[in-house]
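Quick one: structure below, then a few questions.
The values are calculated or read from the model by the stated rules, or taken from the named source; none is laboratory data. None of the values given here were measured: they were computed from a predicted structure. Glycine also receives a Cβ, built like all others from the backbone with ideal geometry; neighbour counts cover every protein chain displayed. To get the accessible areas, we keep the full protein, side chains included, count just its heavy atoms, and leave off ligands, DNA and RNA. Shrake-Rupley method; radii C 1.70, N 1.55, O 1.52, S 1.80 Å.
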Amino acid sequence: GGNTFVGNLTLVNSGSRYIMTGNGTFDTFQANVNLINSGTSNIYLAHNGAGHIISGDLTATNSAIGTGACQILIANSNTATLTVNGNTTINHDGSATTLRTYFGDQGDISQVGNLSITNAGTGTTSDIRVANNANSLITITGNTSVVNSNTATTTNRIYLGNQGDIIFNGTLDI
């Protein structure tokens, strides 16, 4: 944590180990952030601590492969807070056995722009969870679009407020 990213940032995890940002001290992203998980492990964004901010758009694409749990975890810890001033797009199109993206696992997110979610994973389990745990509060000022078109063999789910809370200030299209 404690980093400032001035230009656009693309983080690609194509390997078997995780990538983590924002552990303890907040990170500042002054432009767009693009997360691509195409390997066999996880990406953590704004993992822990208050005050993380993305001034541009956030795109999280989980196209992971393999037999393990391949996840993108955004605002993972119960002390994490993240503000996204642009739009957020979450895409699942991977074939991993367990493909998951958490947008506010335990932390809080203020989504100023629109939120677009598409779940099109093809593995055994393909889950996208927004406000996953009881500690999580997600506030969405813009509009929200949710599409679940995956062909995962066992579980194909999008959880909105699984245990946490979501405030939708714009339209919700499911």
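Can we say Ile72 is in contact (Cβ under 8 Å) with a residue 24 or more places away in the chain, buried (at least 24 other Cβ atoms within 10 Å of the Cβ) and of a type outside the set (Phe, Trp, Tyr)?
yes
Search segment 11-52 for residues being hydrophobic (A, V, I, L, M, F, W, C) and over 16 Å from the mean Cα position of the chain (by Cα), and hand back the single one that is farthest from Asn78 (Cα to Cα).
In this case the residue turns out to be Ala31.
Related question: Restricting attention to segment 13-28, which residues are open to solvent by 50 Å² or more (accessible area, probe 1.4 Å) and closer than 18 Å to Asn85 by Cα?
Selection gives Phe26 alone.
Please state which one of Ala31, Ala50 is over 21 Å from Asn132 (Cβ atoms), part of a loop (DSSP other than H, G, I, E, B) and open to solvent by 10 Å² or more (accessible area, probe 1.4 Å).
Only one candidate passes the filter, namely Ala31.
Ok, one more. In segment 82-105, how many residues are open to solvent by 40 Å² or more (accessible area, probe 1.4 Å) and either among the hydrophobic types (A, V, I, L, M, F, W, C) or in contact (Cβ under 8 Å) with a residue 40 or more places away in the chain (or both)?
1
Quick one: which residue in Ile158, Ile117, Ile65 is closer than 28 Å to Ser14 by Cβ and open to solvent by less than 10 Å² (accessible area, probe 1.4 Å)?
Of Ile158, Ile117, Ile65, the one residue that is closer than 28 Å to Ser14 by Cβ and open to solvent by less than 10 Å² (accessible area, probe 1.4 Å) is Ile117.
I'd like the residue in segment 24-47 that is of a type outside the set (A, V, I, L, M, F, W, C) and more than 16 Å from Gln71 (Cβ to Cβ) and, out of all such residues, is modelled with the lowest pLDDT.
Going through the qualifying residues, I end up with Gly24.
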